[in-house]
1. How many angstrom lie between the Cα centre of region 141-159 and the Cα centre of region 372-429?
2. From the phi angles alone, apply the Karplus equation (6.51, -1.76, 1.60; θ = phi - 60°) to region 324-337 and give each ³J(HN,Hα) in whole Hz, x where the residue is Gly or Pro.
3. Along Cα→Cβ, 7 Å out, is where each label goes; now give me the distance between the ones at I198 and E382 in nm to one decimal.
4. Put +1 on the Cβ of every Lys and Arg and -1 on every Asp and Glu Cβ in the chain; which of C412, N273, G66 then has its Cα farthest towards the positive end of the dipole?
5. Could you go through region 199-212 in sequence order and give the Karplus-derived ³J(HN,Hα) for each residue, using 6.51 cos²θ - 1.76 cosθ + 1.60 with θ = phi - 60°, rounded to whole Hz, and x for Gly and Pro?
6. From the residues V386, P53, G152, which one has its Cα farthest along the dipole of the chain in the positive direction, the dipole being from +1 and -1 charges on Cβ of Lys/Arg and Asp/Glu about the Cα centre?
7. Does region 54-360 come out rounded, prolate or oblate, given a ≥ b ≥ c as the square roots of the eigenvalues of its C-alpha gyration tensor, rounded meaning a/c under 1.5 and, failing that, prolate meaning a/b above b/c?
8. Quick one: Cα centre-to-centre distance for region 226-247 and region 1-40, in angstrom?
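Nothing in this text is a laboratory measurement; each read-out follows from the coordinates by a stated rule. No experiment lies behind these values; they were computed from the predicted model shown. Neighbour counts run over all protein chains shown; Cβ positions are idealised from the backbone, glycine included.
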Amino acid sequence: MRIAIKGCKIFDRGDSKFDIIIEEDRIKQILPSVGANYSGFTEIEAGGLVALPGLFDIHCHLREPGYEYKEGIESGTKAAARGGFTSVACMSNTMPPADTASVIRYIIERAGQYGYCKVYPIACITKGQKGEELAEFGDLKEAGAVAFSDDGLPVENPLIMRNALLYAKSHGALIISHCEDKRLSDDGCANEGYNATIAGIKGIPAAAEEVMVARDVILAASLNARLHIAHVSTKGSVEIIRQAKKNGVKVTCETCPHYFAADDSLILDYNANAKVNPPLRGREDVEAVIEGIKDGTIDAIATDHAPHHVDDKNVEFCNAANGISGLETALSLSYTHLVKAGHIALSRLAQLMSAAPARILGLEPRELSDGRRADIALVDFESSFVIDSSQFLSKGKNTPFNGQKVYGAVACTINEGRIVYQDIMCQGR
Ligand code: NCD
Ligand code: ZN
């Protein structure tokens, strides 16, 4: 396929207009736009749209195999494409869990059948995510696993985590840690603090996350091993990671849009779509997360896309499943609450949502330049729109952001030179 994107802005090149010429799966050339016509090409008139490198989600749940009633690889990758993502790394808490090469191969093969985006499976750290016995890292990596995580559950036993970090180091693999001491979270279901008290909901202290961030940072430091911390949500976690980085520990981390675009006041009406793990936090945490994004302590923004069926959510708050369906709102929430709010530049957002996740996983750089893979999101940052979960392509409609006015609608997504999502506005161009 040959595509010519005509007259777009480029995320890090100011207001000048460019044409992006795509042949096969690569960007052939980016050149100043002078209104040229490209016969033989599919032309996209992109006036006003901004080209970003295809986004990369380092943490999502596609639910397949096993929980296809919540999401599947087809619906999840479609939702990703609509969100501007051309690459996603999916977590291992499927059924069966991704602890064997055959599950890893199955996920890659299924994703390839659809081609909406690239899917990089993350395998379990421990067999069955039971926290007892390490999975076969070598086999799993050979089958295509890009990292190891028991996400959804912590690795409780510090000796197992230590061995996992050592074992990963010898395989050149990355451990992603879901940091939570279950004995401290103790069946709580919202952030411990004023709002949980008012609502009469049992709280989860920030320390439940922070003690495990500290533990894993200490373990990684002592072994000189790499470590990536998933969904950082508290002020204390940001501070521990900031200090660790200063001390030369090889630690990276991610946060998610709901930890800077929302706070725990959303639980006051007992809306289970605001229930997520780690929980939405207080204002001080939100500010600290934004500060961590600004000063580089936080490396990446992940969606932690955790789609659930309405039946998993339409129950008492404390019995509801944890998670937010995030692939279709991540970019607009991040743009609105970080860039439009004046905290960071658009180029930094692209780094957080595309370049950094690829770098953390050791994959080919995501850049908009000649010769690079044609993974592109065309985005309208000018006009606002209202989030409407009933229109999600994901099976999971569970979001606390429904009805919120945001900026940054994805008009078109191109994955390896193929148009995989195009909104009505862009089709009419
Ligand atoms: C995730 C899920 O539903 O799989 N839920 C969530 O609230 N984040 C698990 C996880 O990422 O911990
Ligand atoms: Zn998790």
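1. For region 141-159 versus region 372-429, the Cα centre distance is 31 Å.
2. In residue order, the calculated couplings are 10, 7, x, 4, 8, 10, 4, 5, 5, 5, 5, 4, 5, 8 Hz.
3. Distance between label points: 4.0 nm.
4. In the chain, that residue is C412.
5. Values per residue, Gly and Pro as x: 6, x, 10, 5, x, 10, x, 4, 4, 4, 7, 5, 5, 7 Hz.
6. So the residue furthest toward the plus end is P53.
7. Because its axes are fairly even, with a/c under 1.5, region 54-360 counts as rounded.
8. With region 226-247 and region 1-40 each reduced to a Cα centre, they are spaced 39 Å.
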